[in-house]
Amino acid sequence: MIEAHAPAPPGAPPSWRGPARLPVRPDTGRFLVLACVFVCAACGLVYELELVALASYLMGDSVTQASVVLSVMVFAMGIGSLAAKRLRRFAAAGFGALEATLALVGGCSAMALYAVFAWTGAWGGLWANGPRVLLVAFSLAIGLLIGAEVPLLMELIQRIRRQDAGGAVADLFAADYVGALVGGLAFPFLLLPFLGQLTSSLLTGAVNVVAGAALVLGLFRRDLTCRARCLLLVANVTVLGVLATAAVLVDDFERASQQAVYGDDVRVAVRTGVQEIVLTGGAGGRPLDLYLDGRLRVGGREERRYHEALVHPAMNGPHARVLILGGGDGLAAREALAHPGVRRVDVVDLDPGLVRLARTDPALSGLNGHAYRDPRVHVTAADAFQWLREASAATYDVVVADLPDPGITASTKLYSQEFFGLARRALTPGGRLVVHAGPVATRPRVFWTVEATLRAAGLRTAPYRVDGRATGFTAGPDRTTDVTRAPRDWGFVLAAAARPPLLLDPHARPLRTLTQAALTADARAAEVTRVTGERASTLVHPRY
């Protein structure tokens, strides 16, 4: 095959003066370029997944966050490819500068997003949309830089040895897609569980800058002027230094940001294989607050109002065997054990780390009345949906669904018609199912969708609500530091084969916050908000 090269334009840089002058054989050079493509593609996909994961953690609704990140990034990649056409004359220098910038932006993106969330209040005032705006900005910037890589790499690989355009594209895309596969698998199985979100993004940036610098300053150094080599070397060393410094300080940053988000009395902060658990207070007279993935799950000032309202209406009737889905904190089990005649309580929670903390932490175990020491309580670490599929029929007198809010994407299947159908199958004749269905006042459509879904599963319902006084428990995706925007109530639906009466068990110990008169009034208050025409939510057509 005869190689032909267009004459270089007058004053053109060395990259247009014929074949590249490499320190290695052409075949080795092509292999090194493709290896760099592989590494850069892996880093690029890790940046994307980091943004999706952190945005879902900070803002909830993982479907929306993934859609925003991926759509903006793909659009930006197209723009970046077009813009890179002007840099082809300076392919080596342009690619070196591009990778240094991408490593800095992508490597620091997670830390910057979390900093905005922690120190600007995130959900109220002027910066209410701060994390969302920054998410779009980072998606746009990273997409532009990733899109600009391909034209420059195409130019570099063609300068090593000319081949037909189709063959060159096939080689580049093969390396790119394989790299993306490796990055996509490394993030959830290696980087996230072992390093966490912040350190893994910083490490990815470091790998990115080293790969780009090695290719340009090692393989294509003769295409650069002395000044360009010096500038690129200084830029890459600077970026690497910034990333390394951030990695050294990441633990201090996490502690400071946790204090900014949760207050100064963070007592426990652990990341299990399922979620991040943070406990604040619980000592020195401070109420205990439990946060799961940044959302206040238990507020010590008001948790008893929530758990008494959740459990006790369902316990009026036979209640020898009780199933609690979720509730790994042990607080729902505490309320169930208050009823005489309870012989067994099964708790099914996805996160064994939360159950372990509820057993061993003095404040949390004290709050749940040391429920896990009771021999009647049995715990299974499992997904509630899968567990119900394998459970025996007609086993439980009471099923309590103490689950995350249906507005959180990961919980949507636990509020589906299929899930409620499985729960109904687990009930004995005359058994009752109670479901936490989110706030009524602020999200009535979601609440009445849950109620409609229960009816579609063949159950009769009795909806009710309890005033939360906006001071404590704020379950759901709308975690906020602005009390005026916090959910003001909690909605529940009691369900059974025949319409269940909303009555309290007269044989239970006296309740601290809930009375029969208040329960009746709460049912009337919930009925006033009824939204008609809502359709059932299913696995294939979620409606939350």
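Within segment 525-541, residues that are in contact (Cβ under 8 Å) with a residue 40 or more places away in the chain have Cβ atoms under 8 Å from residues that are open to solvent by 90 Å² or more (accessible area, probe 1.4 Å) in these pairs: VAL531/ARG445; GLU534/ARG445; ALA536/ARG455, counting only partners at least 6 apart in sequence or on another chain. Please determine whether any residue of segment 428-437 is more than 17 Å from ASP383 (Cα to Cα), over 24 Å from the mean Cα position of the chain (by Cα) and assigned to a helix (DSSP H, G or I). No, because not a single residue in segment 428-437 is more than 17 Å from ASP383 (Cα to Cα), over 24 Å from the mean Cα position of the chain (by Cα) and assigned to a helix (DSSP H, G or I). Scoring GLY369 on the criteria (1) over 26 Å from THR412 (Cα atoms); (2) touching a helix residue (DSSP H, G or I) at 6+ places or on another chain (Cβ under 6 Å); (3) buried (at least 18 other Cβ atoms within 10 Å of the Cβ) leaves a single failure, condition (3). Picking from residues in segment 174-230 that are of a type in the set (Phe, Trp, Tyr) and open to solvent by less than 50 Å² (accessible area, probe 1.4 Å), the one that is nearest to PRO19 (Cα to Cα) is PHE220. All conditions but one from (1) of a type outside the set (Val, Ile, Thr); (2) open to solvent by 40 Å² or more (accessible area, probe 1.4 Å); (3) under 16 Å from TYR114 (Cα atoms) apply to LEU240; the one that does not is (3). Residue check: ALA269 meets all listed conditions (1) out of contact with any Gly (no Cβ under 9 Å at 6 or more places or on another chain); (2) touching a residue at least 24 places away in the same chain (Cβ under 8 Å); (3) under 26 Å from LEU195 (Cα atoms); (4) not in a helix (DSSP H, G or I) but one, namely (2). Would you call TYR306 open to solvent by less than 10 Å² (accessible area, probe 1.4 Å) and aromatic (Phe, Trp, Tyr)? Here the answer is yes, as TYR306 does meet what is asked.
Considering segment 320-349, and only residues there that are of a type in the set (Gly, Ala, Ser) and under 19 Å from LEU504 (Cα atoms), the residue that is farthest from the chain's Cα centre (by Cα) turns out to be GLY341. Residue by residue through segment 68-106, note down the ones that are open to solvent by 60 Å² or more (accessible area, probe 1.4 Å), in contact (Cβ under 8 Å) with a residue 24 or more places away in the chain and of a type outside the set (A, V, I, L, M). Correct list: PHE75, LYS85, ARG88, ARG89, PHE90, THR101.
The single condition among (1) open to solvent by less than 20 Å² (accessible area, probe 1.4 Å); (2) out of contact with any Gly (no Cβ under 8 Å at 6 or more places or on another chain); (3) among the aliphatic types (A, V, I, L, M); (4) within 24 Å of SER56 (Cα to Cα) that LEU354 does not satisfy is (2). Among the residues of segment 433-449, those that are of a type outside the set (Phe, Trp, Tyr) and in contact (Cβ under 8 Å) with a residue 60 or more places away in the chain comprise LEU433, VAL434, VAL435, HIS436, VAL440, ALA441, PRO444, ARG445, VAL446, THR449. Exactly one residue out of ALA393, ALA441 is over 20 Å from VAL342 (Cα atoms), in a loop (DSSP other than H, G, I, E, B) and open to solvent by 20 Å² or more (accessible area, probe 1.4 Å): that is ALA441. Of the residues GLY166, GLY147, the single one that is at pLDDT below 95, assigned to a helix (DSSP H, G or I) and under 25 Å from ARG89 (Cβ atoms) is GLY166. Evaluation of LEU414 against the conditions (1) open to solvent by less than 30 Å² (accessible area, probe 1.4 Å); (2) touching a Pro at 6+ places or on another chain (Cβ under 7 Å); (3) of a type outside the set (Asp, Glu) shows that the sole unmet condition is (2).
One residue is enough: does segment 243-252 have a residue meeting the conditions within 30 Å of ALA20 (Cβ to Cβ), of a type outside the set (Gly, Ala, Ser), out of contact with any Cys (no Cβ under 9 Å at 6 or more places or on another chain) and buried (at least 20 other Cβ atoms within 10 Å of the Cβ)? Spell out how you get there, then give the answer.
Applying the first criterion (within 30 Å of ALA20 (Cβ to Cβ)) to segment 243-252 yields 243.
Going one step further and asking which of them are of a type outside the set (Gly, Ala, Ser), we end up with 243.
Of the ones still in play, those that are also out of contact with any Cys (no Cβ under 9 Å at 6 or more places or on another chain) are none.
There is no residue in segment 243-252 that is within 30 Å of ALA20 (Cβ to Cβ), of a type outside the set (Gly, Ala, Ser), out of contact with any Cys (no Cβ under 9 Å at 6 or more places or on another chain) and buried (at least 20 other Cβ atoms within 10 Å of the Cβ).
Please enumerate the residues belonging to segment 314-344 that are buried (at least 24 other Cβ atoms within 10 Å of the Cβ), assigned to a loop (DSSP other than H, G, I, E, B) and small (Gly, Ala, Ser). Passing the criteria: GLY327, GLY328, GLY330. Inside segment 137-183, residues that are within 16 Å of PHE38 (Cα to Cα) and polar (S, T, N, Q) make up a count of 0. Sort out which residues of segment 427-456 are among the hydroxyl-bearing types (Ser, Thr, Tyr) and closer than 16 Å to GLY533 by Cβ, and write them in order of number. Result: THR449, THR453. Quick one: in segment 508-524, of everything that is in contact (Cβ under 8 Å) with a residue 24 or more places away in the chain, part of a loop (DSSP other than H, G, I, E, B) and not aliphatic (A, V, I, L, M), which residue is most open to solvent (accessible area, probe 1.4 Å)? Here the answer is ARG512. If the condition is being in contact (Cβ under 8 Å) with a residue 60 or more places away in the chain and touching a strand residue (DSSP E or B) at 6+ places or on another chain (Cβ under 9 Å), then segment 332-362 contributes ALA332, ALA336, HIS339, LEU350, ASP351, PRO352, GLY353, LEU354, LEU357, ASP361.
Filter segment 74-99 down to the residues that are closer than 14 Å to ASP223 by Cβ and of a type in the set (A, V, I, L, M, F, W, C) and list them by number. Don't jump to the end; show me each part of the working.
First, pick out the residues of segment 74-99 that are closer than 14 Å to ASP223 by Cβ: 87-97.
Result: LEU87, PHE90, ALA91, ALA92, ALA93, PHE95, ALA97.
The values are calculated or read from the model by the stated rules, or taken from the named source; none is laboratory data. Not measured: the values here are computed from a predicted model. Backbone-built Cβ (ideal geometry, glycine too); neighbour counts: all protein chains shown. Keep in mind that these areas ignore ligands, DNA and RNA; they rest on the heavy atoms of the full protein, side chains included. Shrake-Rupley method; radii C 1.70, N 1.55, O 1.52, S 1.80 Å.
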